[in-house]
Amino acid sequence: MSDKTRYMLDENDMPTAWYNVQPDLPVPLAPPLDAEGNPMGPEQLAVLFPMECIKQEVSQERYIDIPGAVLDVFKTYRPSPLIRAKALERVLELPEGVKIFYKYEGVSPAGSHKPNTAIPQAYYNKQEGIEKLTTETGAGQWGSALAIAGALFGIDVEVFMVKVSYEQKPYRKAIMETYGARVHASPTMLTESGRHVLAMDPESTGSLGIAISEAVEVAAKDLGTHYSLGSVLNHVCVHQSIIGLEAIAQMEMADAEPDVVIGCIGGGSNFAGIAFPYFHRRKEGKCNARLLAVEPKACPTLTAGEYRYDFGDEAKLTPQMEMYTLGHDFVPAGIHAGGLRYHGDSPLVSALVKSGDIEAVAVHQIACFDAAVQFARAEGILPAPESSHAIRVAIDEALAAKAAGEDKTVLFNLSGHGHFDLSAYEAYNAKKLVDYDFAAGAMLQE
Ligand SMILES: *Cc1c(COP(=O)(O)O)cnc(C)c1O
């Protein structure tokens, strides 16, 4: 067992192909359906996405080459570090046999894992002559990532930002605008979908589902405009696999195999990124890691949702996908982990939860912030509220092993830093945070 703290790969040892989990699924994915319930072919998706992403969406190739121009941009911030959380282990007084590692995706220019897919998506769209990308953003992380990628590849970016986050996180808007993007608080009066929602509820705080409707509507109406999604879809999970592929190489350098691989889950992309390559490794018989997705109790898609076809958005403009869902019209309570407030989940992650290959657990936000602050004071990194869900459960897993007198190696993905989430930490420090149950967005007694 190596005793280093930080495991770094050389840029020349960065993976040059992504991993695609589709050929390894126990049951093939059901096809996306249009609004009438007919299976959709690749042609119908072409008004929204570049052909290269559509191919990846349905690809049965296990490995997909990363374009050279994308690798060149990746090299400005990748490979990302894998860190042994030694200080946290000391604070938790873990015995020698219980170890915590984390893969840190906060080193990207946007401060999260999201550029891993924003960069190839902007690149493929540029290659196909697209001039503008529309998108939605929750916490503002995805909008920032796409704004950066758009600037790097010379594509205009228009962002529909969920209103509750727009108000909680004013600096995210400033970043996106600084990179040249246009930002609206969704629901807006600019689209039919937005006007419809505002007519029903003028006070709507918005949701990812509503913002997606707006962005899709704008893209569908203009030939030179495509839509870009930062999570959920298969090609996004393909792009994020670089996290897990690097982590496997780095854990090998540490001479360690995880017993459990943990990630927070909103639409599923950072979790898929770290977990799918380990799913493949488990299939190969090289490890036996449990794969554990952590979601908020205010939006418990995997633990309380139904597995069925549903739309990806409020206005039913997206294809229907088979996945765990709380219903496309579900508007979650305004928890601070804005990136986890999505009614659905990646069909790939959903299928593997359904088959029992992936486990899921739901946690409350105050317990997550407790863990985030404990982590920050030990390791020095201030985590994003989303990532704090993974930290909560990583700590719980380690403490459970300690209590049981068992050895355990825990690996979690630290999907981003929290430098733009300081209003959330301010609320936590002032003891103003509340927990929400999912039922009717009801507030829980503390
Ligand atoms: C967007 C985001 C998430 C949630 O999205 P997934 O697609 O589920 O990964 C998690 N963490 C951070 C830091 C994010 O920005």
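The values are calculated or read from the model by the stated rules, or taken from the named source; none is laboratory data. Nothing here was measured: the structure is a model prediction, and the numbers come from that model. With ideal geometry, Cβ positions are generated from the backbone for all residues, glycine too; neighbour counts draw on all protein chains shown. To get the accessible areas, we keep the full protein, side chains included, count just its heavy atoms, and leave off ligands, DNA and RNA. Shrake-Rupley method; radii C 1.70, N 1.55, O 1.52, S 1.80 Å.
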### Query
Of the residues A181, A199, which single one is in contact with a strand residue (DSSP E or B) (Cβ under 8 Å, 6 or more places away or on another chain) and within 25 Å of G334 (Cβ to Cβ)?
A181
### Message
Restricting to the stretch 11-43, name every residue that is open to solvent by less than 80 Å² (accessible area, probe 1.4 Å), without any contact (Cβ under 8 Å) to a residue 60 or more places away in the chain and either in a helix (DSSP H, G or I) or under 30 Å from A69 (Cα atoms) (or both).
### Response
A17, P23, G41, P42
### Task
Please state which one of L317, L382, L399, L340 is open to solvent by 30 Å² or more (accessible area, probe 1.4 Å) and modelled with pLDDT under 95.
L317
### Message
If the requirement is being over 30 Å from K283 (Cβ atoms), free of Cβ contacts under 8 Å to residues at least 12 places away in the same chain and not in a strand (DSSP E or B), which of these qualifies: A403, A427?
### Response
A403
### Query
Looking at the stretch 328-356, which of its residues are in contact with a Pro (Cβ under 6 Å, 6 or more places away or on another chain), more than 12 Å from the ligand (Cβ to nearest atom) and of a type in the set (A, V, I, L, M)?
I335
### Message
Is it the case, given these coordinates, that F412 is within 27 Å of S144 (Cα to Cα), in contact (Cβ under 8 Å) with a residue 12 or more places away in the chain and assigned to a strand (DSSP E or B)?
### Response
yes
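Residue by residue, here is whether (1) within 25 Å of V410 (Cβ to Cβ); (2) not hydrophobic (A, V, I, L, M, F, W, C) holds:
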position: L9; (1), (2): yes, no
position: P42; (1), (2): no, yes
position: V58; (1), (2): no, no
position: I66; (1), (2): no, no
position: A69; (1), (2): no, no
position: G106; (1), (2): yes, yes
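Restricting the stretch 320-337 to residues that are open to solvent by less than 20 Å² (accessible area, probe 1.4 Å) and farther than 21 Å from F276 by Cα, which is modelled with the highest pLDDT? Step through it out loud before you land on a result.
First, the residues of the stretch 320-337 that are open to solvent by less than 20 Å² (accessible area, probe 1.4 Å): 323, 325, 327, 332-333, 335, 337.
So of that shortlist, the ones also farther than 21 Å from F276 by Cα come out as 327, 332-333, 335, 337.
On the way: G327: 94, P332: 84, A333: 83, I335: 83, A337: 84.
Checking each candidate, the answer is G327.
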### Task
Would you mind stating whether N288 is within 15 Å of the ligand (Cβ to nearest atom), of a type in the set (S, T, N, Q) and not in a strand (DSSP E or B)?
no
### Query
Among (1) at pLDDT below 95; (2) part of a loop (DSSP other than H, G, I, E, B), where does G356 come up short?
(1)
## Note on the structure
Residue hits (the stretch 45-54; in contact (Cβ under 8 Å) with a residue 12 or more places away in the chain and either assigned to a helix (DSSP H, G or I) or over 23 Å from the mean Cα position of the chain (by Cα) (or both)) are L45, V47, M51, E52, C53, I54
### Message
What's the number of the only condition in (1) within 28 Å of A220 (Cα to Cα); (2) away from the ligand (no atom under 16 Å from the Cβ); (3) open to solvent by 20 Å² or more (accessible area, probe 1.4 Å) that E96 fails to meet?
### Response
(1)
### Query
Of everything in the stretch 205-242 that's surrounded by fewer than 24 Cβ atoms within 10 Å (Cβ to Cβ) and of a type in the set (V, I, T), which residue is farthest from the ligand (Cβ to nearest atom)?
T225
